[in-house]
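I have placed the structure first, in the form of structure tokens, so that the comments after it can refer back to it.
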Amino acid sequence: MGRVSVKENKSLYQTRREELGLSREKAGELLKSIPPERIEKIENQKSFPHPEEVLVMAEAYKMPNLCNYYCSNDCPIGKQYVPEIEMKDLSQIVLEMLASLNAMRSKQERLIEITVDGIVDGEEIKDFVHIQQELEKISITVETLQLWVEQMLVDGKINEEAYLTYKNSLKGN
């Protein structure tokens, strides 16, 4: 293993490489398309990674959430539109999803009342914004679940072949 940096505020790219016990040279060999000099620039935030580089790192480092990290922290468009997803346990994800869905069930009638005329105005705005925030929670929870599944597939805790076979069989329905 190469030297481990003692610098504070390491990027997630560097932290993960070091967790795997890889020097930049070994990481360059593993990543193939990203030389050690480029890895150093990315890790030291002298240069932002390109999306295709992040995809390569996420796969080779077995860390799917690197893609979300890139989109929510490094990509100019993603920084505005993509929330950073925090990895959680399945039970926590499911409970958050159920809580949000229950909250929406009670607001369903109000959403219909607000949107029936195609205009959101006056007193409706306050309720509409609250409903919109609850829907955003659901969206983030769905993304968290997707990221959890991707990590379980990478870790071998979900049989990838069986998962993909079944998922692909549903596309025809």
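The values are calculated or read from the model by the stated rules, or taken from the named source; none is laboratory data. Bear in mind that the values here come from a model prediction, so they are computed numbers and not experimental data. Backbone-built Cβ (ideal geometry, glycine too); neighbour counts: all protein chains shown. Note: areas computed on protein heavy atoms with side chains; ligands, DNA, RNA excluded. Shrake-Rupley method; radii C 1.70, N 1.55, O 1.52, S 1.80 Å.
A few comments on the model shown:
- Debye log10 I(q)/I(0) for the chain, one point scatterer per Cα, at q = 0.14, 0.15, 0.16 Å⁻¹: -0.91, -0.98, -1.05
- For region 15-28, Karplus couplings with θ = phi - 60° (6.51, -1.76, 1.60), whole Hz, Gly/Pro x: 4, 5, 4, 5, 4, 7, x, 9, 6, 5, 5, 5, 4, x
- For region 1-69, the pair-distance distribution built from all alpha carbon pairs, in bins 5 Å wide starting at 0, is 3, 18, 34, 29, 13, 2 percent.
- Rolling a 1.4 Å probe across the protein heavy atoms gives the chain an accessible surface of 67 Å² per residue.
- Stretch in the chain that is longest and holds no GluC sites (Glu not before Pro) that DSSP places in a loop and that have at most 15 other beta carbons within 10 Å: 9-83
- 0 to 90° range, to nearest 10: angle between helix 51-60 axis and the chain longest Cα axis: 70 degrees
- Two-site label geometry, residue 89 and residue 102: point separation in nm, points 7 Å out along Cα→Cβ: 1.9 nm
- C-alpha long axis of helix 90-115 to longest principal axis of the chain, angle in °: 40 degrees
- Working from Cα pairs under 8 Å separated by at least six residues, relative contact order for region 36-173 is 23 percent.
- For residue 85, neighbours were defined as the other residues whose beta-carbon sits under 13 Å from its Cβ, and their charges (Lys and Arg +1, Asp and Glu -1) total -4.
- Counting only residues at least eight positions apart within a chain, or on another chain, the lysines with an alpha carbon under 24 Å from that of residue 167 are 62, 88, 157.
- Straight-distance candidates among the aspartates and glutamates for linking to residue 7, with alpha-carbon spacing under 15 Å and chain neighbours fewer than 8 residues away dropped: 18, 19, 40, 43.
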